[in-house]
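**Q** Sending over a structure as structure tokens; questions will come in a sec.
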Amino acid sequence: MKRLASKLREVVGARGVIDDPTLLLPYESDGLAMMQVDAELVVLPRTTDEAARCFRILHADKVPIVARGAGTGLAGGATPVEGGVVVSTARMRDVLEVDFEDRFARVQAGVVNVDLSHACGQGGLMYAPDPSSQMACTIGGNVANNSGGPHCFKYGATTRHILGLVLVTHDGRVIDLSEPVVDPVGYDLVGLFVGSEGTFGLATEVTVRLVPTPPVVEVLLAIFPDLDGACDSVTDIIAARLEPSALEILDRLTIEAVEKSVFAAGYPREAEAVLLIEVEGVECEVASTTREIRAILEGHATLEIRTARDARERRQLWAGRKGAFGAMGRVAPDLYVADAVVPRTKLRELVRKTVEICAERDLLLANVFHAGDGNLHPNICYDRRDADEVKRVLEAGHLILETCVAAGGSLTGEHGVGLEKRAEMELLFTPSDLDTMCRVRDVWDPERRMNPDKLVPLHACGELRTMPPREDAR
Amino acid sequence: MSDSLLAALRDVVSSDAVLADAGDSTPRVAPETDVEWSGVLQLALARGITCRVEGNGTRAGWAPDARPAELVLSTARTRGVVAYEPGDGTLTARAGTAMAELAEVGAGGGHHVTPDVAHPTRSTLGGVLASGCSGFDRLRYGPARHNLLGMRVVLADGSVASAGGRLVKNVTGYDLHRLWAGSFGRLCVVLEASLRLYPLPDARACARLAYPTRADALAAARRVGNEPIRPTALVVHGGELFVFLVGRTEVVEWELERVRDTADGEAVERLDAGAERDARERLRDFLPSGAPSLELATRPSRFAAALDGVERAAHACDVPTETVAHPAIATATVRLGPATEDAYTRFRDSLSNFDERVTWRDVPGAPSASLEGATSDAAALMRELEAALDPTGVLGAGGARV
Ligand SMILES: Cc1cc2nc3c(=O)[nH]c(=O)nc-3n(C[C@H](O)[C@H](O)[C@H](O)COP(=O)(O)OP(=O)(O)OC[C@H]3O[C@@H](n4cnc5c(N)ncnc54)[C@H](O)[C@@H]3O)c2cc1C
């Protein structure tokens with residue numbers, strides 16, 4: 001590693017390589033803190049060219065490569081389980097171009113999601129995908145995970161907003177897929193790359209589509225005496241084919257945590273659940289959609305429906321939602337953020353099931369989720385120092401996934417498979433499906449050095465076993 | 001074609017699914033079930049036969065055979081809606097189902113099915129997705145691939161594989177369906193696909209604005225495009241601009257007002273119900289399937305100049321044109337009229353170094369669906385993907401992509 005570090009320094013300069021064990025600590029995991037592995041070496045290129053030169057050095061030595069943005073992932077995606085070198089995009093932070101006329105922007109992969117929004121805001125445009133982690137997560141990480149966010153209910157996940165990419169492959173080739181026109185030339189390599197969780201290569205530049213900011217926005221907060229009413233309201237709003245731009249549910253425990261935190265949004269503490277609804281568009285559209293949504297809410301015994309009076313109140317209501325995960329730190333030292341999708345016709349039934357599964361295992365559960373997309377986030381509070389509790393958390397997490405899949409759902413709506421859910425891939429996909437994924441992966445990375453051990457269960461790729469969390473994972 | 005192949009095919013599919021015409025036309029087989037599809041592809045693999053996949057042939061000329069096909073694999077019997085979930089806004093159907101049938105099923109439950117493609121009664125879901133085409137309604141709903149939730153396919157070795165699913169949000173596993181969409185039958189045969197649906201609009205209307213020249217109409221389209229309205233299509237045909245609006249009744253009325261405000265004193269004709277539908281279908285279906293055409297794709301800011309460039313080149317070579325332009329998404333379909341072979345050749349040559357992307361369709365001798373414009377590393381990767389999914393070229397007639 002020493003020799004490698006000095007070779008890499010020649011490319012990226014002294015500040016572009018981290019090998020001091022204390023400085024390496026943050027790289028031992030992402031947001032899935034229960035799975036940690038010591039990082040050996042981190043390199044921080046500044047440009048596509050530097051990244052490509054680093055990759056060629058690593059290729060010559062057959063070193064595993066783990067791409068890393070901000071490390072906010074929640075599935076262990078950026079955790080260097082097989083050792084090797086972590087390639088961080090933290091020094092690739094330039095917004096290269098914002099084209100207001102043709103409505104696209106070209107950025108380096110390490111640009112933070114919210115910075116992109118700021119860069120295009122003055123021109124009346126926005127980058128729509130808004131993960132709750134948007135203050136920290138990078139566009140490259142969003143691309144790799146095909147991230148979602150509250151407004152993806154209306155605008156769709158990251159993949160719908162990516163027009164082009166510049167990539168570096170495992171052997172240091174640069175592939176330029178950045179032409180921002182409407183359809184791919186040949187096969188849709190961009191569409192295939194988005195969501196590949198760092199296993200196909202490193203995205204160094206991203207061209208994104210920008211959309212006009214809506215002229216009118218209204219935010220409603222519906223307050224419920226139980227979680228069922230909130231879930232049923234969402235199911236009915238979808239069935240009525242109404243088109244708000246976001247539908248988010250927060251349960252009592254989450255509300256309590258938020259209200260005690262700096263994100264306090266004025267959510268009523270006596271509520272068992274709140275449903276945060278945003279409606280946007282032109283004035284008459286917002287008015288009629290809101291009216292119909294209100295009628296549905298009233299049919300589900302809401303205690304109260306509040307409307308944000310101005311932009312400040314809207315921001316406050318959203319700050320509570322977006323800060324909810326952070327606020328949970330008040331409830332327990334660690335949070336396991338599960339992520340599953342269910343058909344939107346079955347929200348109530350499956351949310352109840354998650355509550356039961358956690359109650360049976362004496363686990364504290366907080367639900368805060370993208371209800372409009374059927375994307376559940378049962379957040380289980382725990383303490384990673386308590387081995388038995390960790391075991392129960394993992395068991396509950398697995399059961400929740402099994403239950404959702406059995407009901408026609410899926411393993412992940414936005415956080416990805418990463419390290420965490422490889423074994424569960426077999427709940428959803430046949431050996432033939434997985435084999436096909438492996439064949440495609442091998443085209444991008446025949447040596448499987450890019451983010452090894454992630455996404456696809458190992459034995460599906462012709463290896464030995466489905467891997468539980470590693471023994472040495474602390 | 002040897003009788004032994006026909007006999008072997010009849011062993012794996014019901015005998016009426018094998019269509020072997022007398023004479024020299026290529027035999028066709030139309031499997032129905034997954035097992036039949038697997039059996040046919042395994043047979044083709046074992047015998048080293050090159051196949052072409054066919055839906056209903058409406059876009060067959062977009063990617064003529066890269067190699068002569070010895071067997072045509074038809075999705076004609078792989079038909080039907082598998083699941084329509086009105087409460088979840090999703091629809092899953094088998095590849096051979098006509099788009100018009102999907103639209104009808106969706107409408108029954110209050111949903112709009114996108115893409116709204118040309119010739120929907122003859123276009124199959126599998127063919128539409130495999131040819132990477134999008135709908136007339138793309139401006140509002142996005143390209144077809146963005147509303148594709150998942151796919152089930154059969155690969156060249158007969159294995160059946162799925163990717164994605166039937167849910168509106170899902171990031172589990174690689175998005176292989178994004179690779180398969182637009183692969184022109186070269187990487188797989190699409191068996192089934194799931195789509196995200198949209199609310200069927202309460203109201204529809206179209207504003208028609210007539211200008212002296214196309215340039216004026218394109219300029220007007222830019223003004224309309226900057227308004228806070230969400231049309232399904234902004235279409236320029238000659239000097240006419242059509243703005244197709246859908247949605248809640250009050251919103252459509254409001255949007256019509258905004259269009260009037262931008263009209264710069266020009267008369268705005270409002271087309272309702274029947275007239276709107278006629279205009280939409282006429283513009284959507286203006287290109288008969290199989291007619292030679294050129295698809296232009298660029299950026300909105302360069303669109304007018306690019307379109308002029310194409311047409312000037314055509315006229316300089318005596319190739320007549322008729323264009324339906326979608327300026328807001330910077331694409332245009334240019335129908336090429338009758339001309340001599342020499343004129344076509346000169347026209348193609350004159351655009352060989354054109355700065356914008358042009359795709360030739362149903363133009364004899366033109367490289368259809370080609371990779372012109374892809375970097376060599378990207379093209380190499382695409383070739384490797386073909387080799388990985390179809391090492392011996394069983395589906396090698398398809399695509400002509402790489
Ligand atoms: C509080 C909180 C709230 C969150 N809310 C949401 C939410 O609303 N929606 C949502 O979807 N997610 C959410 N997440 C999860 C996470 O923020 C997203 O997955 C995010 O996209 C990760 O970005 P990152 O830059 O932190 O990537 P990392 O965590 O560093 O990496 C994520 C994955 O991407 C790969 N990767 C990173 N950069 C690149 C690159 N340039 N090229 C190739 N591969 C790369 C990594 O190898 C890894 O597999 C949340 C996380 C937290 C902690």
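The values are calculated or read from the model by the stated rules, or taken from the named source; none is laboratory data. For clarity, every value in this text was computed on a predicted model and none was experimentally measured. Please note: Cβ atoms are built from the backbone with ideal geometry, for glycine as well, and neighbour counts cover all protein chains shown. Accessible surface is based on the protein model in full, side chains and every heavy atom, while ligands, DNA and RNA are left aside. Shrake-Rupley method; radii C 1.70, N 1.55, O 1.52, S 1.80 Å.
**Q** Hey, how many Å between the Cα centroid of the stretch A:176-220 and the Cα centroid of the stretch B:213-262?
**A** Result: 27 Å between the Cα centres.
**Q** Distance between Cα centroids, the stretch B:58-133 to the stretch A:137-159: provide it in whole Å.
**A** If we compute the Cα centre of each part, the gap is 28 Å.
**Q** Still on this structure, please answer the following. Let me know the mean shielding of B:248-255 by other chains, meaning the per-residue number of their Cβ atoms within 10 Å of its Cβ.
**A** Neighbouring Cβ atoms belonging to other protein chains average 4 per residue here.
**Q** Still on this structure: Output the pairs from A:LYS322/A:LYS353; A:LYS391/B:LYS169; A:LYS260/A:LYS391; A:LYS346/B:LYS169 with a Cα-Cα distance over 18 Å in this structure; if there are none, say none. Could the numbers behind the result be given before it?
**A** Working: A:LYS322/A:LYS353 25 Å; A:LYS391/B:LYS169 29 Å; A:LYS260/A:LYS391 29 Å; A:LYS346/B:LYS169 15 Å.
Violating the 18 Å limit, Cα to Cα: A:LYS322/A:LYS353; A:LYS391/B:LYS169; A:LYS260/A:LYS391.
**Q** Would you work out the relative contact order for chain A, in percent, from Cα pairs under 8 angstrom that are 6 or more residues apart?
**A** The normalised contact order for chain A reaches 16 percent.
**Q** Tell me, what is the 1.4 Å probe accessible area of B:ASP157, in Å² to the nearest 10?
**A** 60 Å²
**Q** Using DSSP to call loops (not H, G, I, E or B), can you name the GluC sites (Glu not before Pro) in the stretch A:265-366 whose Cβ has at most 15 other Cβ atoms within 10 angstrom?
**A** For GluC sites (Glu not before Pro) across the stretch A:265-366 that sit outside H, G, I, E and B with at most 15 neighbouring Cβ atoms in 10 Å, the list reads A:GLU270.
**Q** For B:GLU384, project a label point 7 Å along Cα to C-beta. Then give me every residue of the stretch A:419-458 with its amide nitrogen under 18 Å of that point.
**A** Backbone N within reach: A:436-453.
**Q** Same structure again: Would you work out the charge dipole size for the protein assembly as shown about its Cα centre, treating the Cβ of every Lys and Arg as +1 and the Cβ of every Asp and Glu as -1, and quote it to the nearest 20 debye? Display every interim value, and only then the final one.
**A** Numbers: 95 positive and 125 negative charges, 195 e Å.
Magnitude of the dipole: close to 940 debye.
**Q** Averaged over A:407-418, how many beta carbons belonging to a partner chain fall within 10 Å of each residue's beta carbon? Walk me through the numbers on the way to the answer.
**A** Details: counts 0, 6, 5, 10, 5, 5, 6, 3, 1, 3, 4, 0.
Mean number of neighbouring Cβ atoms from other chains: 4.
**Q** Oh, and also: Top mean-square fluctuation among B:GLY55, B:GLY108, B:GLY80, Gaussian network model of chain B, C-alpha springs under 10 Å?
**A** B:GLY108
**Q** Now, a different point. Would you tell me the accessible area of A:MET450, worked out with a 1.4 angstrom probe on the heavy atoms of the protein chains, in Å² to the nearest 10?
**A** 0 Å²
**Q** What residues have an amide H closer than 5 Å to that of B:GLU240, excluding those fewer than 5 places away on the same chain, when H is modeled at 1.01 Å from N in the peptide plane?
**A** B:TYR211
**Q** Evaluate the relative contact order of chain B (contact order divided by residue number), counting alpha-carbon pairs under 8 angstrom at least 6 apart; express in whole percent. Display every interim value, and only then the final one.
**A** Details: 846 pairs, mean separation 69.0, N = 402.
Relative contact order comes out at 17 percent.
**Q** In Å² (nearest 100), what accessible area is buried between A and B, both sides summed, heavy protein atoms only, 1.4 Å probe?
**A** 6400 Å²
**Q** Count neighbours as other Cβ atoms within 10 Å of each site's Cβ, and list the trypsin sites (Lys or Arg not before Pro) in the stretch A:1-105 that are DSSP loop with at most 10 such neighbours.
**A** A:LYS62
**Q** Return the average number of partner chain Cβ atoms within 10 angstrom of each residue Cβ along peptide B:175-186.
**A** Other-chain Cβ atoms within 10 Å of each residue's Cβ, averaged: 5.
**Q** Here's a follow-up. I need the trypsin sites (Lys or Arg not before Pro) found in the stretch A:223-271, filtered to DSSP loop residues with at most 15 other beta carbons within 10 Å of theirs.
**A** Passing sites in the stretch A:223-271 are A:ARG269.
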